[in-house]
1. With respect to Lys165, determine if the residue is surrounded by fewer than 18 Cβ atoms within 10 Å (Cβ to Cβ) and within 29 Å of Asp32 (Cα to Cα).
2. Please state which of the following conditions Asp28 fails to meet, knowing it meets all the rest: (1) free of Cβ contacts under 8 Å to residues at least 40 places away in the same chain; (2) surrounded by fewer than 16 Cβ atoms within 10 Å (Cβ to Cβ); (3) charged (D, E, K, R); (4) within 27 Å of Glu148 (Cβ to Cβ).
3. Regarding segment 153-166, can at least one residue be identified that is closer than 22 Å to His51 by Cα and in contact with a Lys or Arg (Cβ under 8 Å, 6 or more places away or on another chain)?
4. Given the conditions (1) in contact with a helix residue (DSSP H, G or I) (Cβ under 9 Å, 6 or more places away or on another chain); (2) charged (D, E, K, R); (3) free of Cβ contacts under 8 Å to residues at least 12 places away in the same chain, and given that Asp88 satisfies all but one, which numbered condition is not satisfied?
5. Checking Ser112 against (1) in a strand (DSSP E or B); (2) more than 13 Å from the chain's Cα centre (by Cα); (3) among the small types (Gly, Ala, Ser): exactly one of these is not met. Which one?
6. Of the residues that sit in segment 144-158 and are surrounded by 15 or more Cβ atoms within 10 Å (Cβ to Cβ) and free of Cβ contacts under 8 Å to residues at least 60 places away in the same chain, which one is farthest from Phe105 (Cα to Cα)?
7. Tally up the residues in segment 144-189 that are touching an Asp or Glu at 6+ places or on another chain (Cβ under 7 Å) and in a strand (DSSP E or B), please.
8. Name the single residue that is surrounded by the fewest Cβ atoms within 10 Å (Cβ to Cβ) among those in segment 117-143 being in a loop (DSSP other than H, G, I, E, B) and among the small types (Gly, Ala, Ser).
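The values are calculated or read from the model by the stated rules, or taken from the named source; none is laboratory data. All of these numbers come straight from a predicted model, not from anything done at the bench. No Cβ is skipped: glycine too gets one built from the backbone with ideal geometry, and neighbour counts run over all protein chains shown.
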Amino acid sequence: MNRFRSIFASALTGVLILGASASALASDWDVDAAHSHVGFGVRHMMVSTVHGEFGKYTGTISLDDGGDFSKAKAHLQIDATSITTGNDKRDEHLKSPDFFDVAHFPTIVFDSTKVEKHGANGLILTGNLTIKNITKPVVLTVSDLTPEVKDPWGGTRRGATATAKINRKDFGLTWNKALEAGGVVVGDDVNLEIEVELSKHKA
């Protein structure tokens, strides 16, 4: 009887270890900045939308190999000094204390807190966005999540598009000027536009 109990206990322990290992399997992916885009759009003088982007950033995503996206984790770190809108004078203003104050707050960070499946090939990605040391929750809608593909160099890649809308004043970006005819120079709502190509870590 004792021998049977010992064999049963050993078998049960083995099953638990294998189960834990299988559930813990995850793959790590890097954002390929050379083939990605982190941008934004904001209304200017109530008549047009100015688009800009950040040229320097790094990001990592961990995905459950079993396809359970609720276990996914995403991290994106952006160099605020790399902001560009195609106009040097405007870019310098955006880097100033009126907006991002990059001399004191050079980094923007996003860390996911929750991931939910959305539609056939999309996700709802909830996380914390930190700008100027102010952290607020944001919700990104992820679409066009592609299947894995092999590149010509033996790597594995996939891509996705993410969008969100935030209020810039929530993050201390409060500068504005009133227009004589009504309205303001810079809109409060900022549309985030993120396109990422992910490269899988090689085992």
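1. Spelling it out, Lys165 is indeed surrounded by fewer than 18 Cβ atoms within 10 Å (Cβ to Cβ) and within 29 Å of Asp32 (Cα to Cα).
2. For Asp28, the exception is condition (1).
3. yes
4. (1)
5. It fails just one condition, (2).
6. First pass over segment 144-158, keeping only residues surrounded by 15 or more Cβ atoms within 10 Å (Cβ to Cβ): 145, 156-158.
Narrowing the set further to residues that are free of Cβ contacts under 8 Å to residues at least 60 places away in the same chain leaves 145, 156.
Values: Leu145: 32, Thr156: 35 Å.
For segment 144-158, the residue satisfying everything is Thr156.
7. Final tally of qualifying residues: 9.
8. To start, the set of residues in segment 117-143 that are in a loop (DSSP other than H, G, I, E, B) comprises 119-121, 132-133.
Still in the running and among the small types (Gly, Ala, Ser): 119-120.
Working: Gly119: 11, Ala120: 7.
Here the residue is Ala120.
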